[in-house]
Amino acid sequence: MANYNLRINGKMTQVDVDSDTPMLWVLRDHIKLVGTKFGCGIAQCGACTIHLDGEAVRSCSVPVSAVGAKAITTIEGLSENGDHPLQKAWIEHDVPQCGYCQAGQIMNAASLLDKNPNPSDEDIARGMNGNICRCGTYTRIKKAIKTAAAEMS
Amino acid sequence: MTLIKTTYDRRSFMKASALGGGGMMIGFSWLASCKPGDKASDIPKEWFNVNAYLKIEKNGMVTIMSPNPEIGQNVKTAMPMIVAEELDVDWKNVIVEQAGLNTRDYTRQLAGGSQSIRQGWQSLRMAGATARRMLLEAAAKEWSVPVSELTTDAGTIKHSSGKSMGYGDVASVAGTMTVPEEVELKDPKDFKIIGTPVGNVDAPKIVTGEPLFGLDVDREGMLTAVIIHPPAFGMKLKSLDAAAAKAMPGIKDVITISTEVPEGAEYQWSDTNAFRELVAVVGNSTWQVMKAKKAVNVTWEPDSNLESSLDHEVRLTALVKKKAKEASRKDGNPTLAFKNAAQVVERTYTAPFLAHNPMEPMNFFANVTKDRAELVGPTQTPEFMSKTAAVVLGMPEDKIDIMMTRMGGGFGRRLYGHFGIEAAVISQKIGAPVKLVYSREDDMTQGTYRPAYKVTYRAALDKNNKLTGLHIRGAGAHGSPVFKDRFPAGAVDNYLVEDHTLESNISGGAWRAPRSNFMAGIESAFLDEVAEAAGKDPIDFRLELFDKAINDPVGEKNDYDPARYAGVLKMVKEKANWGANTPGVHRGVSVYYCHNSYVAQVVDLVMDNDKPKVKKVWCAVDCGIVVNPSNARNQIEGGLIDGIGHSMYSAITFKDGQPEQSNFNNYRLIRHSEAPLEIETHFVDNGIDPTGLGEPGLPPISGALMNALANATGKRMYNQPFVNDALVLG
Ligand code: FES
Ligand code: FES
């Protein structure tokens with residue numbers, strides 16, 4: 001066990017965990033931020049997507065020891081009042097079915113829009129391919145990303 | 001005007017009361033409803049049990065407590081819409097809660113078979129209409145005017161003189177009135193909420209990551225457990241050495257558990273489980289138990305056959321070649337029809353086992369003490385879980401509370417609640433509250449799969465290219481997938497169905513649209529080939545068959561309505577402009593009826609660098625009244641993406657009893673880039689009572705895809721997943 005000082009959603013937080021603990025479980029079990037989901041544990045589904053310094057990463061495959069001083073953003077911290085353009089667009093397009101994958105989808109989309117504010121259909125398909133939605137909401141996700149992109153530009 | 005009875009034999013389906021702080025509450029059964037004239041024998045006892053509530057507060061806010069488990073089919077939004085419609089309130093003032101769900105106070109909580117809306121339709125309308133009627137009677141009393149002079153509008157009661165008051169103003173009085181024995185339902189043409197797109201009520205929580213799911217359950221002092229189940233079907237535990245694991249930080253214990261029910265007790269249908277003896281690793285945090293699991297030394301030994309997919313293939317092939325002892329259905333003289341045929345088309349189709357893979361892996365919280373058991377988690381069958389928990393834990397059922405959480409997908413998987421029982425047994429043995437968490441691998445290799453199937457179709461065409469005979473012989477693990485009384489039964493004079501079962505120790509389970517998920521696609525693909533052999537357009541060919549089923553049906557037990565069936569096919573034909581040739585676009589059509597709804601689909605496929613790409617899917621759907629068009633579209637879209645994905649990419653295969661796939665790196669699910677670029681869905685507007693949508697969108701799509709692939713590549717696909725075929729580049 002070791003102590004780690006983490007910057008999570010703008011706040012410094014200390015945790016005492018094994019150094020190989022994936023950020024996913026640090027967030028869920030120790031910080032009690034459960035918006036970040038467990039889907040596969042091997043960086044295949046994207047349900048656990050968070051940002052490290054704005055970059056989307058799969059938190060199931062990032063050990064706490066690798067985070068260092070990087071700023072961590074989770075779905076709970078994406079916006080103050082749940083009103084990030086992507087969150088609004090997700091509601092507008094009524095995207096979620098079971099909803100389980102959606103936090104990861106939104107976090108991934110946020111990082112995608114950060115790098116590419118005006119993505120084409122193909123950019124979205126490529127950029128979102130690491131995020132599985134078992135309920136099959138892909139066509140709505142695409143529309144919602146475009147709506148958010150339009151609002152942000 | 002439809003009248004509906006709230007009372008039967010002087011017993012009421014509804015219970016009204018005034019709320020302590022003002023307002024009224026109506027308790028009702030989510031499923032109960034009867035029309036005047038219904039017989040007592042048709043009315044199940046549990047319909048008199050309250051399992052849902054409707055609350056109207058002093059400020060006019062309406063709370064509807066929904067007892068239905070939410071697995072993503074969005075009943076939590078759609079069903080309260082129905083109550084609100086008859087109550088005549090503004091949807092903005094409606095709060096939907098899924099609070100206080102347990103099997104003692106609520107009966108028949110079950111989300112399966114797309115039946116929720118169909119079963120709840122009348123009872124939900126009755127609840128809303130009854131509350132509205134009581135509010136009207138209370139207002140009439142207040143104002144000393146006859147009820148007939150009153151009308152309602154979005155939560156307000158209006159008198160013909162112009163005066164008005166809010167529901168909240170009379171709710172307390174209304175709560176003390178007697179429940180009317182009969183109430184009037186709205187004419188569907190006056191619906192204001194039903195038929196308008198309403199967003200998922202949980203969406204704001206979902207997009208901000210609030211705790212909603214079973215995996216998010218957290219309690220003071222809660223431990224976490226993982227299980228180790230045998231690596232192969234047909235294996236059982238031989239020895240356990242947990243010394244190293246027990247010594248690891250945070251590990252509380254490593255134990256073996258059994259979920260076997262004691263002798264003489266009954267298994268519930270939902271207890272399907274190939275692995276009843278397991279090892280459980282229990283500790284302080286998820287990562288610690290996951291790590292310790294790797295340090296546990298377990299050895300296994302065979303206790304029955306270790307099956308392989310290659311044997312399955314050989315055995316299924318032998319079965320579809322074998323005449324059944326008895327026909328499952330026979331009309332006319334099929335032997336003669338084939339003997340006299342000018343042309344016979346024969347094709348065999350195969351599908352592999354599939355895992356459900358809901359995104360949220362199986363999990364359950366349990367706190368079992370000496371005299372109580374509290375179970376919380378994602379189950380669709382709490383009433384059955386409660387029975388099994390009682391016998392396995394040795395505790396009376398009234399000491400067991402089961403709470404359902406929102407579920408991160410189901411697809412049938414959460415009908416089988418063994419993980420809840422496992423959590424309970426672990427908690428009982430350890431003596432602490434425990435959350436059991438399955439890894440993706442634990443779940444994917446656990447079983448309850450969509451079984452592997454093989455079906456042979458034979459069609460006889462006479463010299464005029466008329467379909468004179470049809471012979472279907474099906475085989476599948478745990479049973480044949482063929483539905484003997486579905487279309488084309490009833491549309492062909494000489495018809496024969498034979499069924500075979502492949503015994504297997506690999507556990508099977510209901511998987512979204514059971515059996516239909518395979519039958520719809522292959523039936524559509526086969527009929528396409530028969531139409532081609534007959535030199536007919538595939539839609540016209542089917543329409544001829546529906547005409548026959550309408551005008552001169554064969555047999556008496558055809559469980560579909562050919563006019564509605566033909567209706568969706570005609571609709572998709574028109575909407576997709578079938579027959580118009582767009583260069584580079586290859587089309588395929590399919591139509592199917594299941595779960596009381598009719599769906600026709602057209603796939604537009606393009607070849608992109610030799611890779612097939614679904615450009616657009618057109619859907620025509622007849623599910624009666626569409627309660628919530630936004631969600632209805634979402635279900636159809638999701639279903640067809642699911643259907644494309646599984647027929648194209650997914651399979652569970654076995655070697656020596658061991659699944660060869662265990663996570664999304666080797667079990668392929670459809671992803672963004674493979675989903676259709678566009679989906680256009682149209683609904684038939686016929687005012688018929690609503691039917692299910694969670695399942696019917698899935699089955700037909702693989703047929704439309706197979707037919708479009710054939711048109712694009714010149715080759716037909718017979719074996720799922722198609723990606724294994726060299727012609728379909730993944
Ligand atoms: S849980 Fe991390 S990618 Fe699936
Ligand atoms: S909404 Fe269910 S997995 Fe995406």
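Restricting attention to segment A:114-153, which residues are within 15 Å of the chain's Cα centre (by Cα) and within 16 Å of ligand 2 (Cβ to nearest atom)?
Across segment A:114-153, the qualifying residues are A:Met128, A:Asn129, A:Gly130, A:Asn131, A:Ile132, A:Cys133, A:Ile141, A:Ile145.
For segment B:576-592, give me each residue that is surrounded by fewer than 20 Cβ atoms within 10 Å (Cβ to Cβ) and within 28 Å of the chain's Cα centre (by Cα).
Selection gives nothing.
Can you name the number of the only condition in (1) within 11 Å of ligand 1 (Cβ to nearest atom); (2) farther than 21 Å from B:Val437 by Cα; (3) surrounded by fewer than 19 Cβ atoms within 10 Å (Cβ to Cβ) that A:Val57 fails?
(3)
Restricting to segment B:631-667, name every residue that is over 18 Å from the mean Cα position of the chain (by Cα) and at the interface with chain A (Cβ under 9 Å from one of its Cβ atoms).
B:Asn663, B:Phe664, B:Asn665
Being away from ligand 1 (no atom under 16 Å from the Cβ) and part of a loop (DSSP other than H, G, I, E, B): is that true of B:Ser480 here?
yes
Would you be able to say whether some residue in segment A:4-19 is within 16 Å of ligand 2 (Cβ to nearest atom), part of a loop (DSSP other than H, G, I, E, B) and facing chain B (nearest Cβ under 10 Å)?
Within segment A:4-19 (the criterion being within 16 Å of ligand 2 (Cβ to nearest atom), part of a loop (DSSP other than H, G, I, E, B) and facing chain B (nearest Cβ under 10 Å)), the answer is no, since none of the residues qualifies.
Please enumerate the residues belonging to segment B:76-92 that are free of Cβ contacts under 8 Å to residues at least 60 places away in the same chain and either within 15 Å of ligand 2 (Cβ to nearest atom) or surrounded by fewer than 24 Cβ atoms within 10 Å (Cβ to Cβ) (or both).
Matches in segment B:76-92: B:Lys92 only.
Of the numbered conditions (1) more than 8 Å from chain B (Cβ to nearest Cβ); (2) in contact with a helix residue (DSSP H, G or I) (Cβ under 9 Å, 6 or more places away or on another chain); (3) more than 30 Å from B:Arg633 (Cβ to Cβ), A:Lys88 satisfies every one except a single condition; which is it?
Looking at each condition in turn, A:Lys88 falls short on (3).
Kindly list the number of the only condition in (1) closer than 30 Å to B:Asn464 by Cβ; (2) touching a residue at least 12 places away in the same chain (Cβ under 8 Å) that fails for B:Leu354.
In the conditions (1) closer than 30 Å to B:Asn464 by Cβ; (2) touching a residue at least 12 places away in the same chain (Cβ under 8 Å), B:Leu354 misses (1) alone.
B:Thr224 - would you say it is within 32 Å of the chain's Cα centre (by Cα), part of a strand (DSSP E or B) and within 14 Å of another protein chain (Cβ to nearest Cβ)?
Yes.
State which residue pairs qualify: first residue closer than 25 Å to B:Asn273 by Cα and inside segment B:507-532, second residue aromatic (Phe, Trp, Tyr) in any location, beta carbons under 6 Å apart, and separation of 6 or more residues or different chains.
The qualifying pairs are B:Gly508/B:Tyr449; B:Gly509/B:Tyr416; B:Arg512/B:Phe411; B:Phe518/B:Tyr453.
Looking only at residues in segment B:240-259 that are assigned to a strand (DSSP E or B) and among the charged types (D, E, K, R), which one is surrounded by the fewest Cβ atoms within 10 Å (Cβ to Cβ)?
Among residues in segment B:240-259 that are assigned to a strand (DSSP E or B) and among the charged types (D, E, K, R), the one surrounded by the fewest Cβ atoms within 10 Å (Cβ to Cβ) is B:Asp241.
In segment B:429-447, how many are in contact with a Phe, Trp or Tyr (Cβ under 8 Å, 6 or more places away or on another chain) and away from ligand 1 (no atom under 16 Å from the Cβ)?
Number satisfying all stated conditions: 6.
Applying the selection to segment B:183-211, what residues are of a type in the set (A, V, I, L, M, F, W, C) and more than 7 Å from every other protein chain (Cβ to nearest Cβ)?
B:Val183, B:Leu185, B:Phe191, B:Ile193, B:Ile194, B:Val198, B:Val201 - these are the residues of segment B:183-211 that are of a type in the set (A, V, I, L, M, F, W, C) and more than 7 Å from every other protein chain (Cβ to nearest Cβ).
Rundown of residues vs (1) over 23 Å from B:Met385 (Cα atoms); (2) in a loop (DSSP other than H, G, I, E, B), yes/no style:
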{"position": "B:Lys238", "(1), (2)": "yes, no"}
{"position": "B:Val261", "(1), (2)": "no, yes"}
{"position": "B:Tyr267", "(1), (2)": "no, yes"}
{"position": "B:Ser270", "(1), (2)": "no, no"}
{"position": "B:Lys291", "(1), (2)": "yes, no"}
{"position": "B:Glu301", "(1), (2)": "yes, no"}
{"position": "B:Glu307", "(1), (2)": "yes, yes"}
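Mind checking whether some residue in segment B:339-356 is in a helix (DSSP H, G or I), more than 14 Å from chain A (Cβ to nearest Cβ) and farther than 30 Å from B:Gly431 by Cβ?
Yes, because at least one residue in segment B:339-356 is in a helix (DSSP H, G or I), more than 14 Å from chain A (Cβ to nearest Cβ) and farther than 30 Å from B:Gly431 by Cβ.
Looking only at segment B:371-400, filter to residues that are of a type in the set (Lys, Arg) and more than 22 Å from B:Ala510 (Cα to Cα); which one of those is farthest from the chain's Cα centre (by Cα)?
Across segment B:371-400, the extreme among qualifying residues is B:Arg372.
Might you let me know whether segment B:308-316 holds any residue that is on the phi > 0 side of the Ramachandran plot, at pLDDT 95 or above and assigned by TED's automatic domain parsing to the domain that holds B:Asn505?
No: zero hits.
Say we look at segment A:32-44 and pick out the residues that are aliphatic (A, V, I, L, M) and buried (at least 20 other Cβ atoms within 10 Å of the Cβ); which of these is farthest from the other protein chains (Cβ to nearest Cβ)?
So, considering only residues that are aliphatic (A, V, I, L, M) and buried (at least 20 other Cβ atoms within 10 Å of the Cβ), the one farthest from the other protein chains (Cβ to nearest Cβ) is A:Leu33.
Give the residue, chosen from B:Ser673, B:Ser662, B:Ser647, that is under 20 Å from B:Lys454 (Cβ atoms) and either in the same structural domain as B:Glu523 (by TED's automatic domain parsing) or touching a helix residue (DSSP H, G or I) at 6+ places or on another chain (Cβ under 7 Å) (or both).
B:Ser647
Out of all the residues in segment A:120-142, which are more than 10 Å from chain B (Cβ to nearest Cβ) and either within 16 Å of ligand 1 (Cβ to nearest atom) or more than 24 Å from A:Arg58 (Cβ to Cβ) (or both)?
Matches in segment A:120-142: A:Ser120 only.
Check off (1) away from ligand 2 (no atom under 16 Å from the Cβ); (2) out of contact with any Pro (no Cβ under 6 Å at 6 or more places or on another chain); (3) at pLDDT 95 or above; (4) of a type outside the set (S, T, N, Q) for B:Leu415 and give me the number that stays unchecked.
(3)
Has segment B:449-462 got any residue that is touching a His at 6+ places or on another chain (Cβ under 8 Å), touching a residue at least 40 places away in the same chain (Cβ under 8 Å) and part of a loop (DSSP other than H, G, I, E, B)?
yes
Results for (1) within 16 Å of ligand 1 (Cβ to nearest atom); (2) farther than 21 Å from B:Thr448 by Cα; (3) in contact with a helix residue (DSSP H, G or I) (Cβ under 7 Å, 6 or more places away or on another chain), shown as yes or no for each residue.
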| position | (1), (2), (3) |
| --- | --- |
| B:Arg347 | no, yes, yes |
| B:Ala366 | no, yes, yes |
| B:Lys387 | no, no, yes |
| B:Met395 | no, yes, no |
| B:Ile400 | no, yes, yes |
| B:Met407 | no, no, yes |
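Exactly one condition in (1) touching a helix residue (DSSP H, G or I) at 6+ places or on another chain (Cβ under 6 Å); (2) facing chain B (nearest Cβ under 7 Å); (3) over 22 Å from B:Leu212 (Cα atoms) is not met by A:Pro96; state its number.
Only one criterion is unmet by A:Pro96, namely (3).
The values are calculated or read from the model by the stated rules, or taken from the named source; none is laboratory data. Quick caveat, the model's predicted, so the values are computed rather than measured. Glycine gets a Cβ as well: all are built from the backbone with ideal geometry, and neighbour counts include every protein chain shown.
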